[in-house]
Amino acid sequence: MAPRTAPRTAISPKNCENSMPQDFVASAILDSIRKLPGYPNLSVLDLSCGRGEILSAIVKDGCTARGTHYRSDDYKLTQQTTPLFTGGLQIDDGVDLMKPIPYESQSFDLVILSEVIEHLESFIPIIREIGRVLRPGGHFVMSTPNIARLHSRLDFFLTGTHKLIRRRVGWDLSPDDLYAYHINPVDFPFFHTLLYQAGLEIRAINFTNFKVRHAWLLLAYPLFWLATQLGTRERVTSEAHRRGERDLRRWMLSPAMLASEQLLVVATKSRTLPG
C-alpha cells in the first residue's frame with residue numbers, strides 16, 4: 001500500500017545484508033516473522049528500518065515490503081561507512097513516529113518495530129498507529145532491550161538503575177543526541193495495556209539472546225514467581241481487568257521475559273476498534 005504522503009529512497013537489498021548490527025537480534029526477529037501464518041505472502045511495514053537489514057531479508061523471501069526513515073543523520077545510518085545504495089527497497093523518508101504515520105488504515109499484514117521504541121520520547125502514539133494500519137488478523141513484531149530480565153532486575157535492586165545495553169544518557173549529551181540513546185525503556189505492564197487498547201494481543205514472547213553466565217539467577221525463579229503472583233493480584237474492578245491481570249502474569253513469568261536480553265514480542269490484531 002503506497003503512503004498517503006512520504007518521499008521515497010531506494011536501497012539495495014544485496015548490500016544491506018552485509019551490514020547487520022546485532023546479528024542475534026535480527027536473526028531472532030526474522031525467525032519469528034518467518035513462522036507467521038501466510039509468510040511470505042504478506043504486506044509489511046518496517047518502521048525506522050535503519051539500514052534495511054531485516055527489510056532486505058524479507059523482500060528476498062518474497063514479501064511485499066517497505067520501510068521508513070525519519071532523520072537522515074540517524075545514528076544507525078551514519079555509524080557505518082557503507083553508503084546507502086540505490087535500487088531495490090522502498091524506503092519512505094521523513095516518517096515521524098511521534099505523529100500519525102502516512103499510511104491508510106488496515107493496509108498491512110505485518111508491522112515491524114526493531115530496536116526503535118526505546119529511542120522515542122513516548123511510544124503511546126506509535127502503538128495506536130500500528131493498531132490502525134494493521135489489517136484484522138495482522139501481526140506486530142517488536143524488539144527492545146528487556147529491562148524485566150532477571151539480570152536487569154538484580155542490577156536495579158542493587159544500584160537503582162536498569163541494566164541497559166547502551167550507556168545511560170549523561171550530561172555530556174546535547175538534546176539532539178538523546179535520540180540515539182535508550183531514553184524510554186519499555187515498562188512491560190504499561191506496554192501490555194497499550195497493545196490491548198490498540199486492538200492487539202500478545203501471542204508470543206521469544207528469545208533473542210541468553211547469557212549463560214547469568215543462569216544462576218534462575219535459581220531464584222520460585223521467589224520471582226511468588227512475588228509476581230502477589231504483585232499482579234490487584235483488586236479487580238471488572239471482568240476485563242481480571243482477564244488483563246491474568247494475561248499479564250502469564251507473560252511476566254515466561255522464560256523469555258526472565259532471561260532474554262531483548263524483549264521480542266509477537267502480537268496479533270484481534271479486533272478493529274471503532275473510529
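Within the span defined as region 177-186, every residue fails to be among the hydroxyl-bearing types (Ser, Thr, Tyr), out of contact with any Leu (no Cβ under 8 Å at 6 or more places or on another chain) and without any contact (Cβ under 8 Å) to a residue 12 or more places away in the chain. Could you say whether any residue in region 132-154 is modelled with pLDDT of 95 or more and assigned to a helix (DSSP H, G or I)? Yes: one or more hits. A search for C-beta distances below 9 Å between a residue of region 78-98 that is over 28 Å from residue 125 (Cα atoms) and any residue that is part of a loop (DSSP other than H, G, I, E, B) and modelled with pLDDT of 50 or more, counting only pairs 6+ apart in sequence or on different chains, returns 80/51; 82/51; 84/51; 84/52; 88/52. For the condition at pLDDT below 85, buried (at least 16 other Cβ atoms within 10 Å of the Cβ) and under 20 Å from residue 146 (Cβ atoms), residue 207 does not qualify.
Residues that are charged (D, E, K, R) and exposed (fewer than 11 other Cβ atoms within 10 Å of the Cβ) within region 210-233 comprise just one, 213. Among the residues of region 233-266, those that are among the charged types (D, E, K, R) and touching a residue at least 24 places away in the same chain (Cβ under 8 Å) comprise 247, 261.
Yes/no matrix, rows are residues, columns are (1) surrounded by fewer than 21 Cβ atoms within 10 Å (Cβ to Cβ); (2) at pLDDT below 95; (3) within 29 Å of residue 187 (Cα to Cα):
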| site | (1), (2), (3) |
| --- | --- |
| 73 | yes, yes, yes |
| 83 | yes, yes, no |
| 91 | no, yes, no |
| 120 | yes, yes, yes |
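The values are calculated or read from the model by the stated rules, or taken from the named source; none is laboratory data. Small disclaimer: the values here were computed from a predicted structure and weren't measured. Because the Cβ atoms are built from the backbone with ideal geometry, glycine has one as well, and the counts that use them run over all protein chains shown.
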